1. Could you list, in sequence order, all residues of segment 114-138 that are over 22 Å from Asn48 (Cα atoms) and touching a Phe, Trp or Tyr at 6+ places or on another chain (Cβ under 6 Å)?
2. Go through segment 126-150 residue by residue and tally those that are surrounded by fewer than 17 Cβ atoms within 10 Å (Cβ to Cβ) and either among the polar types (S, T, N, Q) or in a strand (DSSP E or B) (or both).
3. Got a number for residues in segment 241-272 being within 17 Å of Leu59 (Cβ to Cβ) and either of a type in the set (Val, Ile, Thr) or without any contact (Cβ under 8 Å) to a residue 24 or more places away in the chain (or both)?
4. Given the criterion farther than 26 Å from Phe78 by Cβ and either buried (at least 18 other Cβ atoms within 10 Å of the Cβ) or touching a Phe, Trp or Tyr at 6+ places or on another chain (Cβ under 6 Å) (or both), identify the matching residue among Ala159, Ala98.
5. Is it the case, given these coordinates, that Val123 is closer than 30 Å to Gln199 by Cβ, surrounded by fewer than 20 Cβ atoms within 10 Å (Cβ to Cβ) and without any contact (Cβ under 8 Å) to a residue 12 or more places away in the chain?
6. Answer with yes or no whether Asp113 is among the charged types (D, E, K, R) and modelled with pLDDT under 95.
7. Specify the residue that is farthest from Glu245 (Cα to Cα); the eligible residues are those in segment 50-65 that are at pLDDT below 90 and not hydrophobic (A, V, I, L, M, F, W, C).
8. If Thr77 meets every condition in (1) surrounded by fewer than 18 Cβ atoms within 10 Å (Cβ to Cβ); (2) modelled with pLDDT of 75 or more; (3) β-branched (Val, Ile, Thr); (4) not in a loop (DSSP other than H, G, I, E, B) apart from one, which number is that one?
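The values are calculated or read from the model by the stated rules, or taken from the named source; none is laboratory data. From a predicted model like this one, the values you see are computed outputs, not experimental measurements. Neighbour counts run over all protein chains shown; Cβ positions are idealised from the backbone, glycine included.
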Amino acid sequence: MRNAVVRNIRSVSATLLAVLTSCVLCLMTATSAAAQDAPSEEALAQANNPLANAYAINLQNYYSGSLYGIPDQSTNTFWARAGIPIGRTLTRASLPLATRPTSSTDSQSGLGDFNIFTAYLFVSNPTTSVGVGPLVVAPTASDESLGQGKWQLGAAAVAFKATPTVQVGGLLTWQASVGGDSDRPSTSLGAVQPFVIWQIGGGTYLRSTGIWTFDLKSGDYSVPLGFGLGRVIKSDKAVYNLWLEPQFTLLHDGTGQPKVQLMAGMNIQLVR
C-alpha cells in the first residue's frame, strides 16, 4: 500500500511539472490578443513584486536531474503558495509536494513542511517596497526525508525596487527549531534570494532569482545562478506572470545539492 501511495505521489508530481511547464510555454508564446492589451509599466513591475498589494496564487516547480554525490538520482519540488494582503501586512503561506532521494537507488515522495510568514510593510508604493516579519514552519512532512520534523520560528525580510526597465530586490529568511521530534537534529537554516528582472518589451522580461540556501548547523550550502525568461499577461480581472528559469549551482557543499535545476512558475495576481 505504501509503495502504491509513493508511486501515485510521484505520478502527481511529474504531472504537475509537465502541466505547469506546458502552460508556461503556451502562454508565453501567445502574442496577438495579449499584445493588443499590453500591461502597464506599473503592472509589469508589480507582477514580480513579492510584496505587491494584491491577492495572489503562486505555483512553482523545481526539477533537478543531476545531484552532487548521488549519481542517477533526481529531485522535484512543487510549491503551492498564496499571498494575502491585510492593511499594511502581507502574509505568504507555502506548502511543498516533493520527491527526495533516500539512498543511491531509492527516493521518497510526499508533502513537505508548511511555512508561513507575515511581513509588515514599512514602505509600500509602486516603486519601492520594504517588509519585515515573523516566520513559522510546521512539521507537516509525510516522511522524515521530506522535512525537518521540527517546529521552527524565524524571520523574513523583503525589499523591492522598481524602475520602468529594471526591478531588483531580495528575500532573506532565517528559521531555527523550537520543538518537535526530539530524535531529529535541531535546525538553523538561512536563505537569501536576490532577484533581478529586466524588461525587454511587450510584457517579456529576463530574470535571475536563484535561492541561496545555508544550513548553519551542518555547514552545507548551495549558491545557484539563474537565467530565465518570463512574460506578463494582463486581463480584466488578473495579472498573469509566467516564467522558465534554468539555475546553475556555482558554489556548494554537501551531498544531494542540485548541479542544475529547472524552475517553472506561474503567479496570478487578482486585480482589486
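1. Across segment 114-138, the qualifying residue is only Ala138.
2. 7
3. Residues that pass the stated criteria total 1.
4. Ala159
5. yes
6. no
7. It comes out as Asn53.
8. (1)
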